[in-house]
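Undergrad: The following block contains the structure, expressed as structure tokens.
Rule-based calculations on the coordinates, nothing more; no lab input. These numbers were taken from a predicted model, which means no experiment stands behind them. Because the Cβ atoms are built from the backbone with ideal geometry, glycine has one as well, and the counts that use them run over all protein chains shown.
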Amino acid sequence: MTFAKDLEPLLGIPVAPYVGVLYSEFDREFLVPVGATIRLGKQWSLLPTFDGHAFHPMVGYTRGRYSLTGILVRGRDPGLAVTVGF
């Protein structure tokens, strides 16, 4: 279950925080993921996120239906994701 809210209409700041709760069958425990999307303009965003175990900062660039996201898994291992919306 996840709760999220875009705060820009309410507070005028381009931030959308979220918090959730999930049950991990692997860990056999409940985890609480938290984070926020921080819009840095029309095409760029920053998403610091904590998955219940580790911190994973992400930076995203979106253009039309395409998006490119860079991630530092556990704050140290780089990764890249490409997304196409349809």
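Undergrad: Taking the Cα centre of the stretch 1-77 as origin and charging only Cβ (+1 Lys, Arg; -1 Asp, Glu), how large is the dipole, in debye to the nearest 20? If you can, show how the numbers build up before the last one.
TA: Details: 8 positive and 7 negative charges, 83 e Å.
Dipole magnitude for the stretch 1-77 comes out near 400 debye.
Undergrad: What value, in deg cm²/dmol to 500, does the helix sum -39500 (n - 2.57) over DSSP H runs of n ≥ 4 give at 222 nm once divided by the residues of the chain? Mind showing how you got there, number by number?
TA: Values: 1 runs with 4 residues, N = 86.
The helix-only estimate for the chain comes to -500 deg cm²/dmol at 222 nm.
Undergrad: Pull up all non-local amide H partners of Ala36: gap of 5 or more, or a different chain, and H-to-H distance under 5 Å with H placed in the peptide plane.
TA: Tyr18
Undergrad: Show me, for the stretch 77-83, the HN-Hα J-couplings you get by feeding each phi into the Karplus relation (A = 6.51, B = -1.76, C = 1.60, θ = phi - 60°), rounded to Hz, glycine and proline as x.
TA: Residue by residue, the stretch 77-83 yields 9, x, x, 9, 10, 10, 10 Hz.
Undergrad: Treat the count of other C-beta atoms within 10 Å as a stand-in for reagent exposure and order Asp6, Asp27, Asp51 from fewest to most.
TA: Numbers: Asp6 14, Asp27 10, Asp51 17.
With the sparsest Cβ surroundings first, the list reads Asp27, Asp6, Asp51.
Undergrad: Just the Cα atoms of the chain: what Rg and Dmax do they give in Å?
TA: 14.2, 40
Undergrad: Looking at Leu7, Ala36, Gly64, which one has the Cα that reaches farthest to the positive end of the dipole of the chain (charges on Cβ: Lys, Arg +1; Asp, Glu -1)?
TA: Of the options given, the answer is Gly64.
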